[in-house]
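Participant: Before I ask anything, here is the structure I am working with.
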Amino acid sequence: MRVLIVDDEHLARQAMRRLLAAHPTIEIAGEAESLTEALQAIERFKPQLVFLDIELGGGDGFDVIAALETPPTVVFVTAYPQYAVEAFAVDAVDYLLKPVEPERLAESLARVERKIAKPARAAPAPIELKTPGRTILVAPADIAALRADGDFTRVLLADRPEVMIWRTLAHFESLLPSPPFLRLGRSLIVNRDRLRTIDNPSRERAQITLRGVAEPLALGRTASLRLREALAGDKPRPGL
């Protein structure tokens with residue numbers, strides 16, 4: 001696998017080189033330390049994978065992705081945990097925190113290999129939302145979240161009014177693809193691809209905002225923990 005390392009710190013690039021040396025299938029095509037150098041290196045080397053820092057000279061890692069019509073596979077490597085939601089929103093495969101542990105890097109490379117090897121999937125079938133007066137067909141990507149409400153489910157649609165459906169949350173869980181849909185507890189499923197921010201006003205609760213939904217959603221401690229574990233690439237803890 002052809003790899004490019006993008007980081008504004010020389011020592012950080014050296015550390016990543018040493019870690020990658022333990023993986024014989026990895027070919028390090030080059031390095032870059034700024035936004036301009038990163039774009040030039042991607043054009044020159046055509047890497048299959050870019051280990052990308054957040055803070056770069058002349059911009060940041062998100063600017064690199066935004067400047068490319070077809071970005072390569074990206075794994076963010078940074079000292080800042082607060083950008084994880086934005087990273088996964090731009091389709092990053094993983095988000096590694098410095099200093100990177102060898103075991104965590106191995107997990108990330110395995111995830112990248114699975115993505116590269118996986119054939120393109122057909123678009124998911126539309127979901128039927130049946131109300132007493134009509135049936136609405138929506139693409140899964142247009143569903144931002146679902147909340148249980150007794151025997152009903154409130155379906156929060158992006159940039160559209162929510163719909164109340166006489167179906168349980170478990171019914172929709174069986175229909176929706178995972179990922180990007182995450183069950184965060186007994187009463188909530190969220191579409192990870194629509195996450196914008198996670199705010200933690202206290203250890204006991206959190207608040208998330210979703211693209212296309214005006215009002216933020218409140219999360220309890222367990223739901224917040226499960227979301228962060230999913231974003232970090234860990235499996236939810238049993239019993240949550």
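Participant: For region 84-97, enumerate the residues that are surrounded by fewer than 19 Cβ atoms within 10 Å (Cβ to Cβ) and either out of contact with any helix residue (DSSP H, G or I) (no Cβ under 7 Å at 6 or more places or on another chain) or part of a helix (DSSP H, G or I) (or both).
Facilitator: Within region 84-97, the first condition is being surrounded by fewer than 19 Cβ atoms within 10 Å (Cβ to Cβ), and the residues that meet it are 85-86, 89-91, 97.
Result: Val85, Glu86, Ala89, Asp91.
Participant: State yes or no: is Leu175 touching a helix residue (DSSP H, G or I) at 6+ places or on another chain (Cβ under 9 Å) and under 20 Å from Ala89 (Cα atoms)?
Facilitator: So Leu175 fails the test.
Participant: Which count do you get for residues in region 162-187 that are of a type outside the set (S, T, N, Q), in contact (Cβ under 8 Å) with a residue 12 or more places away in the chain and assigned to a loop (DSSP other than H, G, I, E, B)?
Facilitator: Residues flagged as of a type outside the set (S, T, N, Q), in contact (Cβ under 8 Å) with a residue 12 or more places away in the chain and assigned to a loop (DSSP other than H, G, I, E, B) within region 162-187 amount to 9.
Participant: Only residues that are under 17 Å from Arg226 (Cβ atoms) and either over 23 Å from the mean Cα position of the chain (by Cα) or loosely packed, with under 15 Cβ neighbours inside 10 Å (or both): list them for region 174-187, please.
Facilitator: Ser178, Pro179, Arg186
Participant: May I pose another question? Please go through region 128-161 and pick out each residue that is basic (Lys, Arg), assigned to a loop (DSSP other than H, G, I, E, B) and either under 16 Å from Arg183 (Cβ atoms) or within 28 Å of the chain's Cα centre (by Cα) (or both). Explain how you work it out, then say what you get.
Facilitator: Quick first cut of region 128-161, residues basic (Lys, Arg) only: 130, 134, 147, 154, 160.
Right, trim to assigned to a loop (DSSP other than H, G, I, E, B) and you get 134, 160.
Result: Arg160, single match.
Participant: If a residue has to be in contact with a Gly (Cβ under 8 Å, 6 or more places away or on another chain) and within 14 Å of Leu217 (Cβ to Cβ) to count, how many in region 158-173 make the cut?
Facilitator: Total satisfying the criteria: 1.
Participant: Let me ask you something else. Of the residues that make up region 214-222, is at least one among the hydroxyl-bearing types (Ser, Thr, Tyr), touching a Lys or Arg at 6+ places or on another chain (Cβ under 7 Å) and either on the phi > 0 side of the Ramachandran plot or surrounded by 13 or more Cβ atoms within 10 Å (Cβ to Cβ) (or both)?
Facilitator: No; the residues of region 214-222 include none that is among the hydroxyl-bearing types (Ser, Thr, Tyr), touching a Lys or Arg at 6+ places or on another chain (Cβ under 7 Å) and either on the phi > 0 side of the Ramachandran plot or surrounded by 13 or more Cβ atoms within 10 Å (Cβ to Cβ) (or both).
Participant: Please tell me if Glu33 is assigned by TED's automatic domain parsing to the domain that holds Arg18 and either in contact with an Asp or Glu (Cβ under 7 Å, 6 or more places away or on another chain) or surrounded by 15 or more Cβ atoms within 10 Å (Cβ to Cβ) (or both).
Facilitator: Answer is yes for this residue.
Participant: Which one of Val90, Val74, Val100 is closer than 29 Å to Ala230 by Cβ and touching a residue at least 40 places away in the same chain (Cβ under 8 Å)?
Facilitator: From the options Val90, Val74, Val100, the qualifying one is Val100.
Participant: Does Ile165 meet the test of being crowded, with 17+ Cβ neighbours inside 10 Å, under 23 Å from Leu227 (Cα atoms) and assigned by TED's automatic domain parsing to the domain that holds Leu219?
Facilitator: no
Participant: Residue check, Phe152 against (1) within 30 Å of Asp53 (Cα to Cα); (2) free of Cβ contacts under 8 Å to residues at least 60 places away in the same chain; (3) touching a strand residue (DSSP E or B) at 6+ places or on another chain (Cβ under 7 Å), all met but one. Which one?
Facilitator: (1)
Participant: Return only the number of the condition from (1) under 21 Å from the mean Cα position of the chain (by Cα); (2) assigned to a helix (DSSP H, G or I); (3) without any contact (Cβ under 8 Å) to a residue 24 or more places away in the chain that Val112 does not satisfy.
Facilitator: (3)
The values are calculated or read from the model by the stated rules, or taken from the named source; none is laboratory data. Please read these numbers as outputs of a predicted model, since none were measured by experiment. Using ideal geometry, Cβ is built from the backbone for each residue, glycine included, and neighbour counts are taken over all protein chains shown.
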